[in-house]
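Below is one structure, written out as structure tokens; the observations come after it.
Values quoted throughout were computed directly from the atomic coordinates according to the rules given, and no laboratory measurement underlies them. Just so you know, these numbers come straight off a predicted model, no measurement behind them. All Cβ positions, glycine included, derive from the backbone under ideal geometry; neighbour counts span all protein chains shown.
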Amino acid sequence: MPPPPSSARALAELGDEIVACRRCPRLVAWREQVAREKRRAYADEEYWGRPVPGFGDPAAALLIVGLAPGAHGANRTGRMFTGDRSGDVLYASLYRCGLADRPTSTARDDGLTLTGAWITAPVRCAPPANRPTTEERDACAPFLTRELGLVPWRAVLALGAFGWDAVVRHVGVEGPRPRFGHGARATLADGRPLVGSYHVSQQNTFTGRLTPDMLDDVVRDAMRAAGLRPRRRRAAGR
């Protein structure tokens with residue numbers, strides 16, 4: 001079902017506000033420095049070098065929440081989890097599970113579309129060492145709050161403890177604060193489910209802490225929690 005035109009328009013307007021944001025001096029300086037100096041492999045490319053808005057299906061039932069843009073991934077391409085190894089792992093899984101129409105995400109104009117999922121982050125600028133400060137997180141919080149009200153999500157998949165804590169902080173929970181873990185489940189204050197996954201960072205995927213099968217399993221679990229039907233897993237050898 002397509003989103004109401006007003007909702008899709010509001011998300012687009014929110015995206016424009018996010019891209020224009022310069023609230024955090026340290027993050028502005030870092031993202032622009034990275035965009036100027038570049039990585040050697042991307043020396044001939046023009047970096048995005050700005051805050052990164054959410055991406056996906058405005059009518060999404062599943063909200064996927066990460067941490068922040070990667071310095072040479074989303075900070076280069078301008079789209080969440082696009083252009084780096086973390087994105088390679090995530091979008092391959094979303095494709096296998098039936099949320100993406102292709103297994104790779106390389107650029108904002110590569111034609112990739114998501115169905116049923118919206119990807120966002122609590123912090124919209126690439127932070128030094130992937131470590132935003134509490135003040136930077138809080139300065140970005142109003143963007144996520146508005147996004148949570150515009151996307152008609154029925155469940156959240158949090159990639160990492162930072163995203164998990166952000167959703168708990170924004171939506172609230174009944175009872176004790178739930179602990180993050182891979183495959184963890186919690187019920188938010190509004191009754192909607194929260195599912196946790198280890199982050200798709202190279203630190204996790206290169207060490208085997210998070211494998212493709214582990215990620216697929218938790219994506220499928222989150223899809224079912226959102227009322228979505230995952231694509232059937234292919235048999236080995238096919």
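Okay, here's what the table says:
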read-out: DSSP-defined beta bridges in the range 95-238 - what % are antiparallel, rounded to 5; value: 55
read-out: For Gly111, net neighbour charge (Lys/Arg +1, Asp/Glu -1) across residues whose Cβ lies under 14 Å away; value: 0
read-out: Relative contact order [Cα under 8 Å, 6+ residues apart], the range 1-138, whole percent; value: 27
read-out: Value at 222 nm in deg cm²/dmol, rounded to 500, when DSSP H runs of n ≥ 4 in the chain each add -39,500 (n - 2.57); value: -12000 deg cm²/dmol
read-out: Relative contact order (%) - criterion: Cα under 8 Å, at least six apart; region: the chain; value: 21
read-out: Share antiparallel - DSSP beta bridges, the range 5-225, percent rounded to 5; value: 35
read-out: Inter-part distance where the range 27-94 and the range 97-128 are each reduced to a Cα centre, Å; value: 9
read-out: Mean projected area (nm²) of the alpha-carbon convex hull when the chain is viewed from all directions; value: 13.1
read-out: DSSP-assigned coil residues among GluC sites (Glu not before Pro) in the range 74-176, each with at most 13 further Cβ atoms within 10 Å; value: Glu174
read-out: For the chain, size of Cβ-based charge dipole, Lys and Arg +1, Asp and Glu -1, in debye; value: 540
read-out: Prolate/oblate/rounded call for the range 1-100, Cα gyration tensor, a/c under 1.5 rounded; value: oblate
